[in-house]
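Novice: I'd like to ask you about the structure that follows.
FYI, it's all coordinate maths here, none of it is from the lab. The structure presented is a predicted model; accordingly, all values stated were derived computationally and were not measured. Every residue, glycine among them, receives a Cβ derived from its backbone with ideal geometry; neighbour counts consider all protein chains shown.
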Amino acid sequence: MNWHGITAIYRFEMARTWRTLMQSIASPVLSTSLYFIVFGTAIGSRMGSIDGISYGAFIIPGLLMLSLLSESISNASFGIFFPKFSGTIYEVLSAPVSPFEIVAGYVGAAATKSVLLGLLILATARIFVDYSIVHPLWTLLFLLLTAVTFSLFGFIIGIWAEDFQQLQLIPLMVVTPLTFLGGAFYSISMLPEPWQTLTLFNPVVYLISGLRWAFYGFADVNLALSLGMTAFFLIACLATVSWIFKRGYRIRS
Amino acid sequence: MGTIIEIQQLSKTYANDFRALKGISLSIRRGEILALLGPNGAGKTTLISIVCGIVNPSGGQIRVDGFDINRDYRAARSKIGLVPQELATDSFESVWATVAFSRGLFGKPPDPAYLQRLLQQLSLWDKRDARIMALSGGMKRRVMIAKALSHEPEILFLDEPTAGVDVELRQDMWAMVRELRERGVTIILTTHYIEEAEEMADRIGVINHGELILVDDKAALMTKLGRKELRLHLQQPLASIPEPLHPYRLQQEEDNQVLVYHFDAQQQSAIAELLKQMARHDIEIRDLHTRESSLEEIFVNLVRKPR
């Protein structure tokens with residue numbers, strides 16, 4: 001195992017975060033805080049509670065998931081896309097590092113950033129909304145699993161994308177709408193049929209539901225199903241990354 | 001001098017069916033400087049990229065110091081440093097950070113003392129904290145070399161190392177390459193500057209249309225393929241060349257006052273006989289001089305030769 005190689009990639013990516021602190025950390029924290037102010041404090045105070053939880057507190061897992069998904073994807077996709085774009089990828093490809101080590105470095109750093117950001121958002125939310133977490137360890141597990149899985153997904157997008165537009169395409173056109181429609185701001189039990197059933201085809205529902213269970217002890221779908229879907233998505237991403245390196249898809253001609 | 005890189009029947013066909021390499025076999029000797037010459041699109045960069053692991057081969061086998069580049073890729077790649085043709089750098093990183101990153105990437109533990117020496121040798125020490133984007137093109141090229149040498153490789157690939165750099169930097173690089181060779185590093189360089197190959201290489205390989213046309217010691221190549229020219233300035237213009245001199249295929253120039261004889265290494269002994277024959281026919285010589293073909297002329301002749 002080339003530990004120095006993994007560390008080099010990880011440190012390089014983390015250094016980018018500290019170098020672009022405003023963009024990497026401050027901006028997502030600010031935009032999520034605005035959601036808490038508008039939906040949690042301003043509008044939320046006029047809405048009734050859901051399953052005994054205030055609306056402001058109810059949306060925390062969903063908003064956390066929204067930030068986690070978008071930041072994991074964006075960090076990991078940019079991390080691998082930029083070396084491709086600038087040509088510096090030659091160095092990684094010619095180094096004695098295995099595909100697993102490359103992924104560990106890039107995805108590890110992206111997931112670390114996302115989890116740090118998630119924890120920062122949780123701390124910031126406490127300023128605006130009163131909440132407590134029923135299962136803190138499960139919360140951490142869901143944060144970690146989601147961060148790693150979607151960083152892997154971002155890594156795949158970064159490899160696939162051939163320009164900056166493609167890089168933004170899936171996060172903006174697919175992931176964000178799925179998150180908004182996946183129960184971030186409401187319980188899916190509030191939806192009429194057939195929307196309630198159709199929503200179950202949205203994979204983000206299981207992520208938000210699992211995290212909401214970890215927070216408050218209740219969820220839209222069964223916990224085992226949430227964990228199963230997250231694990232399934234993780235395995236699918238791992239299999240895709242493995243195929244990419246085997247075939248050299250868009251990285252090695 | 002043993003072999004450090006063994007390439008056998010290497011071929012590469014890209015997805016668009018372009019055959020970049022057509023069964024190249026080449027042995028690179030430990031500690032030598034091998035220059036690969038060839039026109040644009042000949043396959044030089046593809047060859048280098050395959051050895052370094054950037055491009056997948058379509059066929060053939062490569063061993064680096066006995067290690068197969070696919071099966072034992074860690075051992076093989078850790079021995080190689082690459083300075084690519086393009087100035088691909090992390091613009092926002094500092095010189096020190098990018099060089100330290102390269103060393104780590106190649107599996108080496110941090111060694112600040114070595115990196116300091118390296119940056120000092122490349123006149124980059126004063127710029128160690130500068131962002132790469134703030135450096136001149138020449139300085140960026142030095143950074144690329146520092147990155148390639150950061151893990152103390154035994155083999156250094158230089159793909160067009162002096163393209164677009166000024167004369168001073170080119171001279172510095174040549175000096176650095178010689179110094180590396182003295183330390184036992186094997187250097188493979190591709191270049192468009194024939195002067196560069198002529199100046200530095202121990203051996204020359206010529207690639208054209210994905211095939212290795214030849215590979216030989218530079219001196220032997222010059223002797224075998226280099227043409228020489230003997231120009232004989234006559235006292236009096238010569239109306240016609242006497243028949244016994246016809247086998248020499250002399251050319252008349254400058255109003256028949258100059259006779260030109262083209263010969264190669266094998267025909268060198270014929271000069272004495274030619275001069276004797278001329279004396280026999282009372283052709284007096286005022287002056288004479290010889291000129292050797294440059295490597296550039298040899299190269300142009302080779303790649304123009306119909307295959």
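Novice: Just want the answer: with Cβ charges of +1 for Lys and Arg and -1 for Asp and Glu, which residue in B:P112, B:V95, B:G81 is farthest toward the dipole's positive end in the stretch B:64-120?
Specialist: The residue sitting farthest along the positive end of the dipole is B:P112.
Novice: Still on this model: How much length is gained on full extension from B:D202 to B:Q252, taking 0.36 nm per residue of separation minus their Cα-Cα distance?
Specialist: 14.3 nm
Novice: Which parts of the stretch B:52-66 would a label at B:T13 reach, counting a residue when its backbone N lies under 16 Å from a point 7 Å out along Cα-to-Cβ?
Specialist: Hits in the stretch B:52-66 for B:T13 at 16 Å: B:56-60.
Novice: Enumerate the calculated ³J(HN,Hα) couplings along the stretch B:222-227 in order (Karplus 6.51 cos²θ - 1.76 cosθ + 1.60, θ = phi - 60°), each rounded to whole Hz, writing x wherever the residue is Gly or Pro.
Specialist: Calculated HN-Hα couplings, in order: 5, 6, 6, 9, x, 9 Hz.
Novice: Putting +1 on Lys and Arg Cβ atoms and -1 on Asp and Glu Cβ atoms, find which of B:I188, B:I50, B:G31 reaches farthest to the positive end of the dipole of chain B.
Specialist: Farthest towards the positive pole: B:I50.
Novice: Could I ask something else about it? Which angle from 0 to 90°, rounded to the nearest 10, does the C-alpha axis of helix A:3-19 make with the longest principal axis of chain A?
Specialist: Tilt of helix A:3-19: around 60 degrees.
Novice: Let me ask something additional. Tell me the relative contact order for chain A as a rounded percent, counting alpha carbon contacts under 8 Å between residues six or more apart.
Specialist: 26 percent
Novice: Given a Förster distance of 56 angstrom, what is the FRET efficiency for B:D282 paired with B:D216, based on the Cβ-Cβ distance and rounded to 0.05?
Specialist: 0.85
Novice: Something else: Once amide H atoms are built 1.01 Å from N in the peptide plane, which residues 5 or more positions from B:L37, or in another chain, come under 5 Å H to H?
Specialist: Result for B:L37 returns B:G205, B:V206, B:I207.
Novice: Please give the net charge around B:R183, taking every other residue with its beta carbon less than 11 angstrom from that of B:R183, where Lys and Arg add +1 and Asp and Glu add -1.
Specialist: Net charge around B:R183: -2.
Novice: Quick one: work out the % antiparallel among DSSP beta bridges in the protein assembly as shown, nearest 5.
Specialist: In the protein assembly as shown, approximately 70 percent of DSSP beta bridges are antiparallel ones.
Novice: For the residue pair A:S27 and B:S294, what label-to-label distance in nm results when each label sits 7 Å from Cα along the Cα-to-beta-carbon direction?
Specialist: 5.3 nm
Novice: If you don't mind, there's one more thing I want to ask. Over chain A, with a Gaussian network built from C-alpha contacts below 10 Å, which listed residue (A:A147, A:A95, A:A123) shows the highest mean-square fluctuation?
Specialist: Among A:A147, A:A95, A:A123, the largest GNM mean-square fluctuation belongs to A:A95.
Novice: Tell me the label-point distance for the pair B:R71, B:E179, using the 7 Å Cα-to-Cβ offset, in nm and rounded to one decimal.
Specialist: 3.9 nm
Novice: About its Cα centre, how strong a charge dipole does chain B have in debye, to the nearest 20, once Lys and Arg get +1 and Asp and Glu get -1 at the Cβ?
Specialist: About 1080 debye.
Novice: Now for a separate question. Going by C-beta contacts inside 10 Å, put A:T139, A:T197 in order with the fewest on the left.
Specialist: Listed from fewest to most nearby Cβ atoms, that is A:T197, A:T139.
Novice: Turning to a different aspect of this structure: Considering only B:I145, B:I4, B:V215, whose Cα is most displaced toward the positive end of the charge dipole of chain B, charges sitting on Cβ of Lys, Arg (+1) and Asp, Glu (-1)?
Specialist: B:I4
Novice: How high is the relative contact order of the stretch B:225-299? Use alpha-carbon pairs under 8 Å, at least six apart in sequence, and give a whole percent.
Specialist: 51 percent
Novice: Now for a different question. Pop out the ³J(HN,Hα) list for the stretch B:248-259 in order, Karplus 6.51 cos²θ - 1.76 cosθ + 1.60 with θ = phi - 60°, rounded to Hz; leave Gly and Pro as x.
Specialist: 7, 6, 6, 10, 9, 9, 6, 6, 6, 9, 10, 10
Novice: Please report Rg (one decimal) and Dmax (integer) in Å for the Cα set of the stretch B:227-304.
Specialist: Cα-based Rg and Dmax for the stretch B:227-304 come out at 13.5, 42 Å.
Novice: A further question follows. Around B:L245, under 13 Å between beta carbons, what's the net of Lys plus Arg minus Asp minus Glu among the other residues?
Specialist: 0
Novice: Through the Karplus equation 6.51 cos²θ - 1.76 cosθ + 1.60, θ set to phi - 60°, convert the phi angles of the stretch A:45-51 into ³J(HN,Hα) values in whole Hz; use x for Gly and Pro.
Specialist: With coefficients 6.51, -1.76 and 1.60, one gets 5, 9, 9, x, 7, 10, 6 Hz.
Novice: Stokes-Einstein D for the stretch B:164-307 at 37 °C, 0.692 mPa s, Kirkwood Rh over Cα pairs, in µm²/s?
Specialist: Once the numbers are plugged in, D ends up at 180 µm²/s.
Novice: Now for a different question. If you average the sequence gap of Cα pairs under 8 Å that are 6 or more apart and divide by the length of the stretch B:3-223, what percent do you get for the contact order?
Specialist: Answer for the stretch B:3-223 is 29 percent.
Novice: Separate question: Taking K and R as +1 and D and E as -1, what net charge do the other residues with C-beta under 15 Å from the C-beta of B:R280 add up to?
Specialist: -3
Novice: Compute the angle between helix A:203-216 and the longest alpha-carbon principal axis of chain A, please, reported from 0 to 90 degrees and rounded to the nearest 10.
Specialist: 60 degrees
Novice: For the protein assembly as shown, what Kirkwood radius comes out of the mean inverse Cα-Cα distance, in Å?
Specialist: 28.0 Å is the Kirkwood radius here.
Novice: Which FRET efficiency, nearest 0.05, do A:T124 and A:A42 yield, Cβ-Cβ r, R0 22 Å?
Specialist: 0.85
Novice: Give me the angle, in degrees from 0 to 90, between the Cα long axis of helix A:60-86 and the longest principal axis of the Cα atoms of chain A, rounded to the nearest 10.
Specialist: Long axis of A:60-86 versus the principal axis of chain A: about 20 degrees.
Novice: For the residues A:W18, B:W125, what sequence is obtained by ranking on other C-beta atoms within 10 Å, fewest first?
Specialist: Lowest count first: A:W18, B:W125.
Novice: With +1 on the Cβ of every Lys and Arg and -1 on the Cβ of every Asp and Glu, and nothing else charged, how large is the dipole of the protein assembly as shown about its Cα centre, in debye rounded to the nearest 20?
Specialist: 1220 debye
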